[in-house]
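One structure is given below, encoded as structure tokens.
The values are calculated or read from the model by the stated rules, or taken from the named source; none is laboratory data. This is a predicted model, so every value here is computed, not measured. Here the Cβ positions follow ideal geometry from the backbone for every residue, glycine too, while neighbour counts run over all protein chains shown.
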Amino acid sequence: MKIFLDTANLDSIRKYNDMGLLDGITTNPSLMSKEGGNPKNVMEEITKIIEGDVSLEVVSTEYSGMMDEGKRLREYGDNVVVKVPMTPDGLKACKSFSSDGIPVNVTLIFSANQALLAAKSGARYVSPFIGRLDDVGQDGMNLIKDIKQIFDNYPQFKTQILVASIRHPVHVVDAAKIGADVVTLPPAVLDKMMKHPLTKIGLENFLADWEKFKATNPDVKI
Ligand code: E4P
């Protein structure tokens, strides 16, 4: 399963990329506006830091505006995936970009039917938002199971399931058990995945024992 970071924060992107954890990045207009500064510089820098797919989202709602913006976004790098909303105009733009060999991420997916239609339009990724479904009392992970079953039934669909709106590490484990292609994680969730209280206690104990040993063997080095 690929791991993308769901952020436009350059420090976070560099930090986790240096650990070799990142296969790509997803952004959206909310994440981009949170960072301040000139979004053009931020987007360009992300595409330089990350080798894998970088989803950059259009803000137009009309087909022609989406096409213009998508083409401009692609100028930031060959690894840019144009992110369009799950609307009729978004699907039309998805079809046009995909036919030209430009990869598309269809975002704001909340039903299996929407995922099916985005796949038909040629999307490289569909982004089902599981956390936001959980928020309204539906089990978001059931949507991932449904989409996975449908895509497995029709291997001619090459569309990848990019699990979005992830809120905690259990979402990640569940998505991996289902066999989702990608999870996109807020930095805080990725950070939590690394940690375990027994790892912390175990390391503290190892170092305390070593200090005791060093007290009687001061010249020993590793
Ligand atoms: C990813 O592509 C989405 O933009 C993101 O995961 C949405 O997450 P949120 O529901 O926490 O805003």
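Among the residues of segment 153-200, the ones that are in contact (Cβ under 8 Å) with a residue 40 or more places away in the chain and aliphatic (A, V, I, L, M) come to 11 in all. Taking the numbered list (1) without any contact (Cβ under 8 Å) to a residue 12 or more places away in the chain; (2) buried (at least 16 other Cβ atoms within 10 Å of the Cβ); (3) acidic (Asp, Glu) in turn, ASP6 passes all entries but (1).
Confirm whether SER64 is away from the ligand (no atom under 16 Å from the Cβ), of a type in the set (Gly, Ala, Ser) and either assigned to a helix (DSSP H, G or I) or under 17 Å from LEU162 (Cα atoms) (or both). In short, yes.
Of the residues SER60, SER12, SER55, which single one is surrounded by 15 or more Cβ atoms within 10 Å (Cβ to Cβ), in contact with a Ser or Thr (Cβ under 7 Å, 6 or more places away or on another chain) and not basic (Lys, Arg)?
Only one candidate qualifies: SER55.
Just wondering, is there one or more residues in segment 187-200 that are buried (at least 17 other Cβ atoms within 10 Å of the Cβ), assigned to a helix (DSSP H, G or I), at pLDDT 95 or above and more than 16 Å from the ligand (Cβ to nearest atom)? Looking for residues that are buried (at least 17 other Cβ atoms within 10 Å of the Cβ), assigned to a helix (DSSP H, G or I), at pLDDT 95 or above and more than 16 Å from the ligand (Cβ to nearest atom), one finds none in segment 187-200, hence no. Against the criterion of being under 30 Å from ASP174 (Cβ atoms), of a type in the set (Val, Ile, Thr) and within 16 Å of the ligand (Cβ to nearest atom), VAL59 does not qualify.
Test LYS148 against the stated conditions and say whether it is over 19 Å from ASP53 (Cα atoms) and over 16 Å from the mean Cα position of the chain (by Cα). Answer is yes for this residue.
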